Amino acid sequence: MPSPSRVLPLLAAVLLLPGALGGQERVTFSGAVGFARQGGLVDGPGERPTIGYSLVGSVEVPTFARALRLRGDATFADFAGDRQIGALSAGLVVVRPSGTVRPYLSGSGGFYTLGGARDGAGYAVGGGLRVQMGGRALLVETRVHNHPIQPTAPLPWVESRRTLWVPISLGMQF
């Protein structure tokens, strides 16, 4: 059996080399803005859901399979000025390889920070539509982000908890 030190670099090269087998796929960049809703599912007593805005910048890299792409995101959300969340994440996108309207599903894991002070690992899953317009695409996307936060007041029975927030974004891919 081949050693992992020989297999992993080969696997990484096949996955990461843009257009290694297709030649037509390219690295793409996108930006999106939208509304975001935080809370309501796992918040503590007395906390209410809040509405805010979100900004997302992404880069996608093609893989050996036309329908599978690697994606990196930088995300920022602000909820009523008192809660700000930032995230850096990486994951996979499964997208319909051709057509004018291209639905997709995405999943990622990354690093989240709440107000610059409380950090932790989290994940996001979602999907959207891409409407091709020549070399660009109009994006409509939603994702569910789940990551840890610390309680606002120390509670002896709670060391930490998780929060959910859901942005609905509109953007462009280049």
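In terms of packing, defined here as the mean over residues of other Cβ atoms within 10 angstrom, the peptides 101-108, 54-61 line up highest first as 54-61, 101-108. With a cut-off of 13 Å between beta carbons, the residues surrounding S169 carry a summed charge of +1, where Lys and Arg count +1 and Asp and Glu -1.
Based on the mean of other beta carbon atoms within 10 Å per residue, what is the order of 94-100, 126-132, most packed first?
Final packing ranking: 126-132, 94-100.
If you take all other residues with their beta carbon under 15 Å from the beta carbon of S89, and give Lys and Arg +1 and Asp and Glu -1, the sum is -1. Using the Cβ-Cβ distance between R162 and R136 with R0 set to 25 Å, the FRET efficiency from 1/(1 + (r/R0)^6) comes to roughly 0.10. Taking amide H positions as modeled 1.01 Å from N, with prolines and chain starts lacking one, no residue 5 or more places away or on another chain lies under 5 Å from A67. Electrostatic tally near S108: other residues with Cβ closer than 11 Å to its Cβ, Lys and Arg +1, Asp and Glu -1, net +1. Sorted on the mean count of surrounding Cβ atoms within 10 Å across their residues, most packed first, peptides 69-76, 26-33 read 69-76, 26-33.
Values quoted throughout were computed directly from the atomic coordinates according to the rules given, and no laboratory measurement underlies them. Computed from a prediction, not measured in an experiment: that's the story for all the values here. Neighbour counts run over all protein chains shown; Cβ positions are idealised from the backbone, glycine included.
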